[in-house]
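Trainee: Here's a structure for you.
The values are calculated or read from the model by the stated rules, or taken from the named source; none is laboratory data. Predicted, not measured: the structure shown is a model, and the values here were computed from it. When we count neighbours, we look across all protein chains shown, and the Cβ atoms used for this are built from the backbone with ideal geometry, even at glycine. Areas reflect the complete protein model, heavy atoms only, side chains present, ligands, DNA and RNA absent. Shrake-Rupley method; radii C 1.70, N 1.55, O 1.52, S 1.80 Å.
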Amino acid sequence: MRNYDREVLMSKNNDALVKDDTKCVTCGLCKKVCKDDVTIAQMFKVDPNIEPICINCGQCANICPTNAIHEIYQYLEIKNLLKNKKDKKIIFSIAPAVRVALGELLGFPVGTNLENKIPTILKQMGADFVFDITFGADLTIMEEAMELVNRIKNNSNLPQFTSCCPSWVKYCEIFYPQLLNNLSSAKSPIAMQSSIIKTYFANKINNKNIIHIVIAPCTAKKSEANRKELSISKKDTDYILTTREFGMLIKEFSIDVNNLLESKFDSPMQLGSSAGVIFGASGGVCEAALRTAYYFATNKDLPKDKLVFNSIRGMNGIKETQVDFDGKIVKVAVCNGMNSAVKLINKLLNKEIYYDFIEVMNCIGGCISGGGQPKIKIPFINDTRLKRMNALYKEDEQMEVRLCHKNPEIIALYDEFLTHPGSKLSEEILHTHFEDKSYLIKAYKK
């Protein structure tokens with residue numbers, strides 16, 4: 001007799017995760033993380049006859065000791081594509097959180113940054129171009145920060161919530177549809193980069209036969225890639241591989257990463273600012289946005305000694321700070337995990353608190369803890385998360401370009417193609433809309 005109260009159910013329609021019931025030992029860990037951290041499992045009585053609600057975050061997969069729950073594997077399909085390219089251009093883009101976690105699968109110490117090995121690995125597999133999604137993160141900030149400045153100026157739809165975490169976006173659509181107008185209309189960094197590759201870059205190389213594969217720390221990105229409202233072409237992001245799948249692909253190709261030379265990502269999506277790099281940590285999106293929104297609002301850069309916002313870094317559930325935009329005090333909050341977000345949002349709706357800008361990341365610690373990252377043994381979870389996070393912040397300290405709007409490749413993109421943040425073309429290619437999905441909970445109310 002199955003004990004459904006001790007496990008997370010998985011729909012066959014789930015486009016990010018699968019579950020092998022024969023491997024499930026009903027240990028209850030998946031249910032616990034879904035209840036305590038993601039705050040979904042406690043909302044409904046488990047009923048195998050009702051379509052389960054899932055935001056595809058993959059935290060159940062991360063904690064599952066038997067691999068009964070895991071991402072939908074696509075790495076063997078990618079191996080086949082690389083070995084049979086024909087006239088296709090195979091492009092990979094790498095999310096920032098991948099570089100500080102991949103090493104754990106390959107025998108490197110926790111927190112090792114393999115940024116300069118990744119392009120070499122993928123070129124050895126047969127990739128034509130390898131891009132860095134810190135470029136897409138910078139692009140997201142250009143649009144999102146301008147949107148924030150305009151909302152503050154017009155006092156409309158505040159607070160503005162971030163929209164780069166697909167699990168948070170789906171959670172908002174299901175449980176807080178009254179806040180949909182508060183979500184930034186900016187696409188996620190992955191979706192933006194994919195749209196630019198299928199338009200601007202395709203024209204540059206005069207070839208539209210592009211397969212774009214993204215390596216991400218997140219299982220929910222597999223679901224996000226299927227959202228039609230995020231694509232300019234038929235499908236801008238063709239495949240999402242998790243960090244774990246990337247490790248599997250490396251083993252399939254028998255690549256000895258230790259003995260590989262380092263190399264750079266390809267232009268024109270080679271260079272990201274350090275603000276784009278810290279997107280992978282909780283608080284990073286907010287910090288990057290403040291750095292550029294300040295410039296858009298005041299026409300000057302924050303002083304170097306004020307670029308780091310320590311109060312919104314780290315592992316606290318709710319973090320906050322405020323910045324003086326030449327007389328206008330902008331209040332921001334960072335929600336580290338969905339449990340914290342629910343607490344803050346309920347206070348917000350009860351008018352107990354007020355903010356201008358709120359970052360929400362479903363996974364505790366941010367993308368460095370995404371559902372597709374290397375699994376961590378329970379006693380070492382917090383230590384590993386901090387080491388991954390600090391590896392990104394170390395890069396922020398060392399990089400020359402620390403502001404998204406100072407990235408020369410971003411400047412070139414606007415000069416050659418988009419003209420300016422919020423332009424008509426930017427709105428068409430880089431922005432999206434959201435849908436009320438509260439109908440998904442109606443079955444539980446009967």
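Trainee: At R0 = 30 Å, how high is the FRET efficiency between Asn49 and Ser254 if r is their beta carbon distance? Nearest 0.05 is fine.
Mentor: Working: r = 46 Å, r/R0 = 1.54.
The pair Asn49/Ser254 has a calculated efficiency of 0.05.
Trainee: Could you go through segment 267-274 in sequence order and give the Karplus-derived ³J(HN,Hα) for each residue, using 6.51 cos²θ - 1.76 cosθ + 1.60 with θ = phi - 60°, rounded to whole Hz, and x for Gly and Pro?
Mentor: 7, x, 10, 8, 9, x, 7, 5
Trainee: So how far apart, in nm, are the two label points at Leu261 and Glu352 if each is 7 Å from Cα heading toward Cβ?
Mentor: Inter-label distance under the simple model: 6.0 nm.
Trainee: Mind listing which chymotrypsin sites (Phe, Trp or Tyr not before Pro) in segment 1-86 are in a DSSP loop and have 15 or fewer other Cβ atoms within 10 Å? Numbers along the way, then the final one.
Mentor: Numbers: sites: Tyr4, Phe44, Tyr73, Tyr75; in loops: Phe44, Tyr73.
Within segment 1-86, the qualifying chymotrypsin sites (Phe, Trp or Tyr not before Pro) (loop, at most 15 other Cβ atoms within 10 Å) are Phe44, Tyr73.
Trainee: Would you mind getting me the FRET efficiency between Asn157 and Lys79? Use the beta-carbon distance for r and R0 = 60 Å, nearest 0.05.
Mentor: Numbers: r = 45 Å, r/R0 = 0.75.
In this case the efficiency is close to 0.85.
Trainee: Okay, moving on. Rolling a 1.4 angstrom probe over the protein heavy atoms, how many square angstrom per residue are accessible across the chain? Please report the intermediate quantities before stating the final value.
Mentor: Numbers: 18430 Å² over 446 residues.
Dividing the accessible area of the chain by its residue count gives 41 Å².
Trainee: Using a probe of 1.4 angstrom, how much of the accessible area of segment 150-257 is carbon and sulfur, in percent?
Mentor: 44
Trainee: Looking only at GluC sites (Glu not before Pro) in DSSP loops with at most 15 other Cβ atoms within 10 Å, what is the longest site-free stretch of the chain?
Mentor: On the way: sites that count: Glu262, Glu352, Glu400, Glu435.
Here the longest run is 1-261.
Trainee: For a Förster distance of 22 Å, can you work out the FRET efficiency between the beta-carbons of Tyr439 and Asp20, rounded to the nearest 0.05? Could the numbers behind the result be given before it?
Mentor: Numbers: r = 29 Å, r/R0 = 1.33.
The computed FRET efficiency comes out at 0.15.
Trainee: Roughly how many whole Å is it from the C-alpha centroid of segment 110-133 to that of segment 294-322?
Mentor: 30
Trainee: Tell me which DSSP H helices of the chain clear both cut-offs, 18 Å or more of axial length from alpha-carbon atoms and a mean Kyte-Doolittle hydropathy of at least -1.0. Intermediate results must be reported in sequence, preceding the final value.
Mentor: Working: long enough: 134-154 (29 Å, -0.01); 284-298 (21 Å, 0.54); 381-398 (26 Å, -1.53).
Helices passing the filter in the chain: 134-154, 284-298.
Trainee: To continue, here is another question. Per residue of segment 94-109, what does 6.51 cos²θ - 1.76 cosθ + 1.60 with θ = phi - 60° give for ³J(HN,Hα)? Whole Hz please, x for Gly and Pro, Karplus curve as stated.
Mentor: Going residue by residue, I get 10, 6, x, 5, 5, 4, 9, 10, 3, x, 4, 7, 10, x, 7, x Hz, with x marking Gly and Pro.
Trainee: Under the rule of at least 5 residues apart or a separate chain, name every residue whose amide H is placed under 5 Å from the amide H of Thr219.
Mentor: For Thr219, whose amide H was placed from the backbone, the distant partners under 5 Å are Gly371, Gly372.
Trainee: Take the cross-link list Lys79/Lys235; Lys85/Lys234; Lys153/Lys343; Lys331/Lys375; Lys88/Lys406 and give me the ones stretching past 31 Å between alpha-carbons.
Mentor: Numbers: Lys79/Lys235 20 Å; Lys85/Lys234 20 Å; Lys153/Lys343 28 Å; Lys331/Lys375 35 Å; Lys88/Lys406 33 Å.
The answer is Lys331/Lys375; Lys88/Lys406.
Trainee: What's the extension gain from Lys12 to Asn390 if we count 0.36 nm per residue and subtract their Cα-Cα distance? Write out the running numbers ahead of the final one.
Mentor: On the way: separation 378, 0.36 × 378 = 136.08 nm, distance 3.77 nm.
Contour length minus the Cα-Cα distance gives 132.3 nm.
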